[in-house]
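Student: Pasting in a structure now, in structure tokens, and then I'll have a few things to ask.
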């Protein structure tokens, strides 16, 4: 009696139409600044390397070579990347009223903004140990700007304003700045802030880091800082972007999975593991000959049995695991 074996073929096809990203890392032994390395990677591959998770990091570490000391990857920090809390809108090319020498990112952690009673702005750590008052924006209120007398850090101030009004105040012109500052008697939080190390070169948001101890520490006065991997340890360091390093590029693919079910009929004993293995190897070889290299082959099992007899006069159907 012929028996039927159900076989499932799962093909993982590389495609530009799907959202599952596969990164292929390439170590480049050419000394370049971070910006020049970015341009090279975008021309020859896809971009400088992005690392979204531990799996990405493990694969990136596998391509490292010990020639030289460090290699650029795609993470960077831009001191000009400010946003308003209200709407999270980009701040670039908008009105500002920084006091002379600000923002200076003193102690490498000043990422939120205070307005003084003179209307000038300074940057300050968002979690400042010395709490400040806040000025909220009240979109539907008779008074658009509300000074909160309770002292708090910037994050708590944003939460308070969003819970009780609209958001922390934003400023779009000199008239608004003058009006808000006239309500103040001391330095007060407004909604301008920035996220450090927020994006990779390909604009992927940062979800994973692998910093060396005590890094980042940004011990230089530059607008932009970039990340290099130490080739001997794989740990990350921040450095000036003008430094010459080797670098790691990425080639990005997207994965699309397709599944096919195949049935085999034979007088032979399809439950024989040796026969199953032989069939797998033959099919595997034929698929590779057709140019397919990224696929999985597996048997399916019906009711936990190799074969399952359904009804009289029907062929036995089943599958083997």
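Student: For residues in region 60-80 being over 15 Å from residue 230 (Cα atoms) and surrounded by 13 or more Cβ atoms within 10 Å (Cβ to Cβ), which is nearest to the chain's Cα centre (by Cα)?
Tutor: Of region 60-80, the ones over 15 Å from residue 230 (Cα atoms) are 76-80.
From the residues that got through so far, the ones that are surrounded by 13 or more Cβ atoms within 10 Å (Cβ to Cβ) too are 76-79.
Details: 76: 12, 77: 14, 78: 16, 79: 19 Å.
The qualifying residue nearest to the chain's Cα centre (by Cα) is 76.
Student: Out of everything in region 218-234 that is outside any strand (DSSP E or B), surrounded by 14 or more Cβ atoms within 10 Å (Cβ to Cβ) and touching a helix residue (DSSP H, G or I) at 6+ places or on another chain (Cβ under 8 Å), what residue ends up being modelled with the lowest pLDDT?
Tutor: Applying the first criterion (outside any strand (DSSP E or B)) to region 218-234 yields 218-223, 231-234.
Filter once more, so that each one left must be surrounded by 14 or more Cβ atoms within 10 Å (Cβ to Cβ): 218, 222, 231, 234.
Pick out the ones that are also touching a helix residue (DSSP H, G or I) at 6+ places or on another chain (Cβ under 8 Å) and you get 218, 234.
Working: 218: 69, 234: 95.
Among those that are outside any strand (DSSP E or B), surrounded by 14 or more Cβ atoms within 10 Å (Cβ to Cβ) and touching a helix residue (DSSP H, G or I) at 6+ places or on another chain (Cβ under 8 Å), it is 218.
Student: Go through (1) in contact with a helix residue (DSSP H, G or I) (Cβ under 7 Å, 6 or more places away or on another chain); (2) under 21 Å from residue 96 (Cα atoms) for residue 148 and report which single condition fails.
Tutor: (2)
Student: Report the residue count in region 198-251 for those that are at positive phi and not assigned by TED's automatic domain parsing to the domain that holds residue 34. Step through it out loud before you land on a result.
Tutor: At the first step, the residues of region 198-251 found to be at positive phi are 203, 214, 218, 234.
With the extra rule that they be not assigned by TED's automatic domain parsing to the domain that holds residue 34, the set shrinks to 203.
Number satisfying all stated conditions: 1.
Student: Turning to a different aspect of this structure: Only one of (1) modelled with pLDDT of 95 or more; (2) under 20 Å from residue 199 (Cβ atoms) is not met by residue 43, so which one is it?
Tutor: (2)
Student: Identify, please: which residue in region 1-40 is outside any strand (DSSP E or B) and farther than 26 Å from residue 74 by Cα and is, among those, modelled with the highest pLDDT?
Tutor: Looking only at region 1-40, we keep the residues that are outside any strand (DSSP E or B), and these are 1-2, 16-19, 33-40.
Still in the running and farther than 26 Å from residue 74 by Cα: 1-2.
Values: 1: 55, 2: 52.
Looking at the filtered set, the residue picked out is 1.
Student: Any residue in region 43-57 that is assigned to a loop (DSSP other than H, G, I, E, B) and either touching a helix residue (DSSP H, G or I) at 6+ places or on another chain (Cβ under 7 Å) or under 25 Å from residue 159 (Cα atoms) (or both)?
Tutor: Of the residues in region 43-57, the ones assigned to a loop (DSSP other than H, G, I, E, B) are 45-46, 49-53.
Those left that are additionally either touching a helix residue (DSSP H, G or I) at 6+ places or on another chain (Cβ under 7 Å) or under 25 Å from residue 159 (Cα atoms) (or both): 49, 51.
Within region 43-57 (the criterion being assigned to a loop (DSSP other than H, G, I, E, B) and either touching a helix residue (DSSP H, G or I) at 6+ places or on another chain (Cβ under 7 Å) or under 25 Å from residue 159 (Cα atoms) (or both)), the answer is yes, since at least one residue qualifies.
Student: Among the candidates 172, 163, single out the residue that is free of Cβ contacts under 8 Å to residues at least 12 places away in the same chain and more than 13 Å from residue 121 (Cα to Cα).
Tutor: Working: 172 fails: free of Cβ contacts under 8 Å to residues at least 12 places away in the same chain.
The match here is 163.
Student: State whether one or more residues within region 173-187 are touching a helix residue (DSSP H, G or I) at 6+ places or on another chain (Cβ under 6 Å) and either assigned to a helix (DSSP H, G or I) or under 22 Å from residue 96 (Cα atoms) (or both).
Tutor: Let us first name the residues in region 173-187 that are touching a helix residue (DSSP H, G or I) at 6+ places or on another chain (Cβ under 6 Å), namely none.
No, because not a single residue in region 173-187 is touching a helix residue (DSSP H, G or I) at 6+ places or on another chain (Cβ under 6 Å) and either assigned to a helix (DSSP H, G or I) or under 22 Å from residue 96 (Cα atoms) (or both).
Student: How about region 129-156: which of its residues are surrounded by 17 or more Cβ atoms within 10 Å (Cβ to Cβ) and under 22 Å from residue 79 (Cβ atoms)?
Tutor: 132, 153, 154
Here is a yes/no grid of residues against (1) out of contact with any strand residue (DSSP E or B) (no Cβ under 6 Å at 6 or more places or on another chain); (2) loosely packed, with under 13 Cβ neighbours inside 10 Å:
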{"residue": "175", "(1), (2)": "yes, yes"}
{"residue": "185", "(1), (2)": "yes, yes"}
{"residue": "191", "(1), (2)": "no, no"}
{"residue": "195", "(1), (2)": "yes, no"}
{"residue": "207", "(1), (2)": "yes, yes"}
{"residue": "212", "(1), (2)": "no, no"}
{"residue": "236", "(1), (2)": "no, no"}
{"residue": "240", "(1), (2)": "yes, no"}
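The values are calculated or read from the model by the stated rules, or taken from the named source; none is laboratory data. Note that this is a predicted model, so its numbers are computed, not measured. Cβ atoms come from the backbone with ideal geometry, glycine included; neighbour counts cover every protein chain shown.
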